[in-house]
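Participant: The structure under discussion is supplied below as structure tokens; questions concerning it will follow.
The values are calculated or read from the model by the stated rules, or taken from the named source; none is laboratory data. Since we're looking at a predicted model, the values are computed, not measured. Backbone-built Cβ (ideal geometry, glycine too); neighbour counts: all protein chains shown.
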Amino acid sequence: MIGEPKPGEAGVVLFEAYGALFDVSTPFRLYREALGHRAEQLATLWYAKQTEYAFLRTMTGHFIDFWHVTGEALDYALKRLSIADPVLRSRLMQAYFRLEAFPEAVDVLAALRRQGLRTAVLSNSSVTMLTSVLNGTDLRNSLDAVLSADQAKVFKPAFGVYQLACERFGLKPSQMAFVSTHGWDACGAAAFGLRSLWLNRGGEPPEQLPGRVEAEVASLAALPAFFAAEPL
């Protein structure tokens, strides 16, 4: 049942995995030499198609998990850039299982938990991808839950994904916070009713979308002070 928090029940800070806790530039650092001058083009196009394909599959009701969406997007990007290298394609995909956590992530999660907050991942990524990347870092023991779009069979910003957190923790949206580097994701969470924080590392302009983001921060390191001043 979703309702008022029980006495002593801790608030929850939800994180998008990719971009907030994990550095998605890892594949391009690992294989920059093989990609040469096309590395930046591939990174931009691959991400754009990942997002586009996930949105379109949600809108049309043709859900497949994010691993397969990622592969479809990479196949398009490689063809667009005339890169025909099956070995490189396999290595780029496998690199998603080895994404590096941002250096400050472990300390920030620990600080939030010392403040009495619970922490969780709420991601479009598949269960398999999340399990692998978390097992390769020290973050797993700092999380109370790992929630995947696999469970909702839609991708964010569809409300069904954000609803997973309400069901897992038994709280209303307004009793939880969500942190994402993606402006559209932060807006989607805000439109759903979560207290949404946009982790805007690159100083990007705000999205012109429904959903009022509560705050914009430049780094994960700003979160403990934010929640100390604006508690859940």
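Participant: Of the residues in the range 88-123, how many are polar (S, T, N, Q) and under 12 Å from Phe22 (Cβ atoms)?
Facilitator: Residues that pass the stated criteria total 1.
Participant: So Arg91 ticks every box in (1) in contact (Cβ under 8 Å) with a residue 24 or more places away in the chain; (2) touching a His at 6+ places or on another chain (Cβ under 9 Å) but one. Which box is left unticked?
Facilitator: With respect to (1) in contact (Cβ under 8 Å) with a residue 24 or more places away in the chain; (2) touching a His at 6+ places or on another chain (Cβ under 9 Å), Arg91 is out only on (2).
Participant: Using the structure shown, decide if Gly61 is among the small types (Gly, Ala, Ser) and without any contact (Cβ under 8 Å) to a residue 12 or more places away in the chain.
Facilitator: Considered against the rule, which asks whether it is among the small types (Gly, Ala, Ser) and without any contact (Cβ under 8 Å) to a residue 12 or more places away in the chain, Gly61 comes out as yes.
Participant: Can you give me the number of residues within the range 123-142 that are under 30 Å from Met59 (Cβ atoms) and out of contact with any Asp or Glu (no Cβ under 7 Å at 6 or more places or on another chain)?
Facilitator: Residues that pass the stated criteria total 9.
Participant: In addition: Given the criterion in contact (Cβ under 8 Å) with a residue 24 or more places away in the chain and charged (D, E, K, R), identify the matching residue among Glu72, Glu104.
Facilitator: Result of the check over Glu72, Glu104: Glu104.
Participant: Residues Gln151, Gln175: which one is in contact with a strand residue (DSSP E or B) (Cβ under 8 Å, 6 or more places away or on another chain) and not aliphatic (A, V, I, L, M)?
Facilitator: Answer to the check: Gln175.
Participant: Among the helices (runs of 4 or more DSSP H) contained in the range 101-212, which hold 3 or more residues that are of a type in the set (A, V, I, L, M) and within 22 Å of Pro27 (Cβ to Cβ)?
Facilitator: Once the helices (runs of 4 or more DSSP H) in the range 101-212 are filtered for at least 3 residues that are of a type in the set (A, V, I, L, M) and within 22 Å of Pro27 (Cβ to Cβ), what remains is 127-135.
Participant: Output yes when any residue across the range 162-172 is over 26 Å from Gln115 (Cα atoms) and crowded, with 23+ Cβ neighbours inside 10 Å, and no when none is.
Facilitator: No; the residues of the range 162-172 include none that is over 26 Å from Gln115 (Cα atoms) and crowded, with 23+ Cβ neighbours inside 10 Å.
Participant: Right, here's the next one. Mind counting the residues in the range 64-84 that are closer than 19 Å to Leu99 by Cβ and either more than 22 Å from the chain's Cα centre (by Cα) or not in a helix (DSSP H, G or I) (or both)?
Facilitator: 1
Participant: Condition first: at pLDDT 85 or above, assigned to a loop (DSSP other than H, G, I, E, B) and among the aliphatic types (A, V, I, L, M). Now tell me which residues in the range 1-34 satisfy that.
Facilitator: Matches in the range 1-34: Ala17, Ala20, Leu21, Val24.
Participant: Name the residues in the range 44-73 that are buried (at least 17 other Cβ atoms within 10 Å of the Cβ) and farther than 23 Å from Leu147 by Cβ, would you?
Facilitator: The answer is Leu45, Trp46, Lys49.
Participant: Cβ-Cβ distance below 9 Å, separation of 6 or more or different chains: which pairs start in the range 217-232 with a residue that is more than 10 Å from Val179 (Cβ to Cβ) and end on one that is surrounded by fewer than 17 Cβ atoms within 10 Å (Cβ to Cβ) and among the basic types (Lys, Arg)?
Facilitator: Qualifying pairs under 9 Å: Ala218/Arg201; Ser219/Arg201; Pro224/Arg114.
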